[in-house]
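Structure first, commentary second.
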Amino acid sequence: MRSSSNSILPFRGHSPKIDPSAFIGPNVVIIGDVEIAAECSIWPGAVLRGDVCPIRIGRGSNVQDGAVMHGDEGNQLIIGSHVTIGHRAIVHGCSIDDGALIGMGAIVLDNARIGCQSLIGAGSLVTSGKIVPERTMWMGSPARLVRNLDDGVAGDLPKNAHHYEALAREYMAQPRPWECKPKTRT
(Lines give C-alpha, C1' and ligand atoms only; values in the text may rest on other atoms or scores of the structure.)
Protein backbone atom coordinates (compact mmCIF):
# COMPACT_ATOMS: atom_id res chain seq x y z
CA MET A 1 0.00 0.00 0.00
CA ARG A 2 1.24 3.45 -0.85
CA SER A 3 -0.29 6.66 0.39
CA SER A 4 -0.98 9.49 -2.02
CA SER A 5 1.08 11.74 0.28
CA ASN A 6 4.38 9.96 -0.46
CA SER A 7 7.24 11.19 -2.62
CA ILE A 8 8.70 8.28 -4.58
CA LEU A 9 11.14 9.85 -7.02
CA PRO A 10 13.65 8.71 -9.63
CA PHE A 11 17.17 10.16 -9.54
CA ARG A 12 20.19 9.75 -11.84
CA GLY A 13 18.37 7.15 -13.90
CA HIS A 14 17.38 5.00 -10.90
CA SER A 15 13.80 4.56 -9.76
CA PRO A 16 12.92 2.99 -6.42
CA LYS A 17 11.94 -0.70 -6.66
CA ILE A 18 9.33 -1.56 -4.07
CA ASP A 19 7.83 -5.02 -3.72
CA PRO A 20 4.01 -4.84 -4.00
CA SER A 21 3.63 -6.54 -0.60
CA ALA A 22 5.59 -3.76 1.17
CA PHE A 23 3.72 -1.21 3.27
CA ILE A 24 4.71 2.41 2.66
CA GLY A 25 3.11 4.72 5.23
CA PRO A 26 2.11 8.35 4.66
CA ASN A 27 4.64 11.15 4.17
CA VAL A 28 7.49 8.79 3.26
CA VAL A 29 10.21 9.99 0.88
CA ILE A 30 12.00 7.36 -1.24
CA ILE A 31 14.50 8.65 -3.82
CA GLY A 32 16.65 6.97 -6.45
CA ASP A 33 18.50 3.67 -6.13
CA VAL A 34 16.42 2.05 -3.38
CA GLU A 35 15.17 -1.55 -3.33
CA ILE A 36 12.58 -2.62 -0.75
CA ALA A 37 11.92 -6.37 -0.50
CA ALA A 38 8.72 -8.26 0.23
CA GLU A 39 6.84 -7.76 3.49
CA CYS A 40 8.86 -4.69 4.49
CA SER A 41 7.23 -1.73 6.17
CA ILE A 42 8.31 1.89 5.92
CA TRP A 43 6.49 4.01 8.50
CA PRO A 44 5.33 7.66 8.39
CA GLY A 45 7.92 10.34 7.79
CA ALA A 46 10.83 8.02 6.97
CA VAL A 47 13.34 9.27 4.38
CA LEU A 48 15.28 6.83 2.18
CA ARG A 49 17.68 8.79 -0.06
CA GLY A 50 19.34 6.56 -2.62
CA ASP A 51 20.60 9.58 -4.51
CA VAL A 52 24.36 9.04 -4.10
CA CYS A 53 24.54 5.50 -2.68
CA PRO A 54 22.31 2.46 -3.21
CA ILE A 55 19.99 1.36 -0.42
CA ARG A 56 18.86 -2.27 -0.14
CA ILE A 57 16.32 -3.41 2.45
CA GLY A 58 15.83 -7.16 3.00
CA ARG A 59 12.62 -9.11 3.41
CA GLY A 60 10.41 -8.32 6.39
CA SER A 61 12.49 -5.41 7.67
CA ASN A 62 10.91 -2.24 9.02
CA VAL A 63 12.01 1.38 9.00
CA GLN A 64 10.05 3.24 11.64
CA ASP A 65 8.67 6.76 11.87
CA GLY A 66 11.08 9.58 11.07
CA ALA A 67 14.11 7.36 10.39
CA VAL A 68 16.65 8.62 7.85
CA MET A 69 18.66 6.36 5.52
CA HIS A 70 21.45 7.76 3.33
CA GLY A 71 25.11 7.30 2.48
CA ASP A 72 28.11 8.86 0.78
CA GLU A 73 29.29 8.42 -2.81
CA GLY A 74 31.01 5.05 -3.17
CA ASN A 75 29.25 3.49 -0.16
CA GLN A 76 26.15 1.38 0.00
CA LEU A 77 23.53 0.94 2.69
CA ILE A 78 22.54 -2.70 3.14
CA ILE A 79 19.81 -3.79 5.56
CA GLY A 80 19.34 -7.55 6.01
CA SER A 81 16.10 -9.46 6.57
CA HIS A 82 13.87 -8.95 9.61
CA VAL A 83 15.79 -5.89 10.79
CA THR A 84 14.16 -3.14 12.85
CA ILE A 85 15.31 0.46 12.37
CA GLY A 86 13.76 2.37 15.29
CA HIS A 87 11.93 5.69 15.29
CA ARG A 88 14.15 8.67 14.32
CA ALA A 89 17.22 6.47 13.85
CA ILE A 90 19.83 7.56 11.30
CA VAL A 91 21.66 4.88 9.33
CA HIS A 92 24.30 6.17 6.93
CA GLY A 93 26.32 4.09 4.47
CA CYS A 94 26.51 1.05 6.74
CA SER A 95 25.54 -2.62 6.79
CA ILE A 96 23.04 -4.11 9.23
CA ASP A 97 22.76 -7.90 9.21
CA ASP A 98 19.69 -10.12 9.60
CA GLY A 99 17.58 -9.87 12.73
CA ALA A 100 19.36 -6.83 14.21
CA LEU A 101 17.55 -4.04 16.04
CA ILE A 102 18.64 -0.40 15.87
CA GLY A 103 17.03 1.48 18.77
CA MET A 104 15.08 4.72 18.62
CA GLY A 105 17.23 7.75 17.84
CA ALA A 106 20.39 5.67 17.37
CA ILE A 107 22.94 6.70 14.74
CA VAL A 108 24.99 4.18 12.72
CA LEU A 109 27.66 5.82 10.57
CA ASP A 110 29.55 5.00 7.36
CA ASN A 111 31.21 1.62 6.92
CA ALA A 112 29.98 0.34 10.29
CA ARG A 113 28.70 -3.22 10.32
CA ILE A 114 26.08 -4.46 12.76
CA GLY A 115 26.16 -8.26 13.15
CA CYS A 116 23.21 -10.65 13.02
CA GLN A 117 20.78 -10.44 15.94
CA SER A 118 22.63 -7.56 17.59
CA LEU A 119 21.00 -4.69 19.43
CA ILE A 120 22.05 -1.04 19.30
CA GLY A 121 20.46 0.80 22.23
CA ALA A 122 18.25 3.87 21.83
CA GLY A 123 20.23 7.08 21.35
CA SER A 124 23.53 5.27 20.77
CA LEU A 125 26.20 6.38 18.28
CA VAL A 126 27.99 3.67 16.31
CA THR A 127 31.02 5.43 14.83
CA SER A 128 32.37 5.05 11.29
CA GLY A 129 33.99 1.71 10.57
CA LYS A 130 32.93 0.06 13.86
CA ILE A 131 32.33 -3.70 13.59
CA VAL A 132 29.63 -4.92 16.00
CA PRO A 133 29.84 -8.72 16.37
CA GLU A 134 26.71 -10.81 16.07
CA ARG A 135 24.50 -11.36 19.13
CA THR A 136 25.83 -8.42 21.13
CA MET A 137 24.28 -5.36 22.77
CA TRP A 138 25.95 -1.97 22.34
CA MET A 139 24.95 1.30 24.00
CA GLY A 140 26.26 4.81 24.54
CA SER A 141 27.92 7.59 22.59
CA PRO A 142 30.21 6.32 21.29
CA ALA A 143 28.57 2.90 21.52
CA ARG A 144 30.42 0.30 23.58
CA LEU A 145 29.84 -3.40 24.14
CA VAL A 146 27.44 -3.92 27.06
CA ARG A 147 27.11 -7.70 26.86
CA ASN A 148 26.75 -10.74 24.67
CA LEU A 149 23.16 -11.80 23.99
CA ASP A 150 22.03 -15.29 24.93
CA ASP A 151 19.90 -17.40 22.59
CA GLY A 152 16.67 -16.19 24.20
CA VAL A 153 17.32 -12.46 23.82
CA ALA A 154 18.99 -12.74 20.40
CA GLY A 155 16.19 -14.97 19.16
CA ASP A 156 13.59 -12.45 20.31
CA LEU A 157 15.01 -9.55 18.25
CA PRO A 158 13.52 -10.70 14.90
CA LYS A 159 10.13 -11.03 16.66
CA ASN A 160 9.98 -7.23 16.69
CA ALA A 161 10.22 -7.25 12.89
CA HIS A 162 7.52 -9.94 12.71
CA HIS A 163 5.28 -7.73 14.88
CA TYR A 164 5.69 -4.89 12.38
CA GLU A 165 4.99 -7.24 9.46
CA ALA A 166 1.65 -8.14 11.07
CA LEU A 167 0.88 -4.51 11.87
CA ALA A 168 1.63 -3.52 8.26
CA ARG A 169 -0.75 -6.22 6.96
CA GLU A 170 -3.44 -4.80 9.25
CA TYR A 171 -2.86 -1.29 7.88
CA MET A 172 -2.92 -2.59 4.31
CA ALA A 173 -6.31 -4.23 4.93
CA GLN A 174 -7.82 -0.85 5.87
CA PRO A 175 -9.47 1.39 3.27
CA ARG A 176 -7.13 3.93 1.80
CA PRO A 177 -7.96 7.33 3.33
CA TRP A 178 -8.24 9.00 -0.07
CA GLU A 179 -10.83 6.39 -1.08
CA CYS A 180 -12.99 6.79 2.03
CA LYS A 181 -16.25 8.60 1.61
CA PRO A 182 -17.42 10.80 4.48
CA LYS A 183 -20.38 9.43 6.37
CA THR A 184 -23.54 11.39 5.82
CA ARG A 185 -25.99 12.08 8.59
CA THR A 186 -29.51 10.89 8.10
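The values are calculated or read from the model by the stated rules, or taken from the named source; none is laboratory data. Here the structure is a predicted model, which means the values were calculated and not measured. Glycine gets a Cβ as well: all are built from the backbone with ideal geometry, and neighbour counts include every protein chain shown.
Only residues that are in a strand (DSSP E or B) and without any contact (Cβ under 8 Å) to a residue 24 or more places away in the chain were counted in region 19-33, giving 4. Within region 48-79, being small (Gly, Ala, Ser) and under 17 Å from Ser21 (Cα atoms) holds for Gly58, Gly60, Ser61.
State which residue is surrounded by the most Cβ atoms within 10 Å (Cβ to Cβ) when the search covers only region 75-107 and only residues that are polar (S, T, N, Q) and not in a loop (DSSP other than H, G, I, E, B).
Start the filter on region 75-107 by keeping residues that are polar (S, T, N, Q), which leaves 75-76, 81, 84, 95.
From what's left, not in a loop (DSSP other than H, G, I, E, B): 84, 95.
Details: Thr84: 27, Ser95: 20.
Applying the filter and picking the extreme gives Thr84.
Hey, can you tell me all the residues within region 13-31 that are closer than 15 Å to Arg56 by Cβ and either touching a Gly at 6+ places or on another chain (Cβ under 9 Å) or crowded, with 16+ Cβ neighbours inside 10 Å (or both)? Steps first, answer last, please.
Within region 13-31, the first condition is being closer than 15 Å to Arg56 by Cβ, and the residues that meet it are 14-19, 22, 30-31.
Those that are closer than 15 Å to Arg56 by Cβ and either touching a Gly at 6+ places or on another chain (Cβ under 9 Å) or crowded, with 16+ Cβ neighbours inside 10 Å (or both): His14, Ser15, Pro16, Ile18, Ala22, Ile30, Ile31.
Taking the conditions exactly as written (modelled with pLDDT under 95 and part of a strand (DSSP E or B)), does Ile8 satisfy them or not? When the stated conditions are applied, Ile8 passes them. Find the residue count for region 53-75, including only residues that are in contact with a Ser or Thr (Cβ under 8 Å, 6 or more places away or on another chain) and not hydrophobic (A, V, I, L, M, F, W, C). Number satisfying all stated conditions: 6. Within region 127-157, the set of residues being under 18 Å from Met104 (Cβ atoms), at pLDDT below 95 and buried (at least 18 other Cβ atoms within 10 Å of the Cβ) comprises just one member, Leu157.
Restricting region 32-62 to residues that are out of contact with any strand residue (DSSP E or B) (no Cβ under 8 Å at 6 or more places or on another chain) and within 18 Å of Glu165 (Cβ to Cβ), the residue that is surrounded by the fewest Cβ atoms within 10 Å (Cβ to Cβ) is Ala38. Exactly one residue among Asp72, Asp65, Asp110 is within 11 Å of the chain's Cα centre (by Cα), among the acidic types (Asp, Glu) and either in a loop (DSSP other than H, G, I, E, B) or surrounded by fewer than 21 Cβ atoms within 10 Å (Cβ to Cβ) (or both), and that residue is Asp65.
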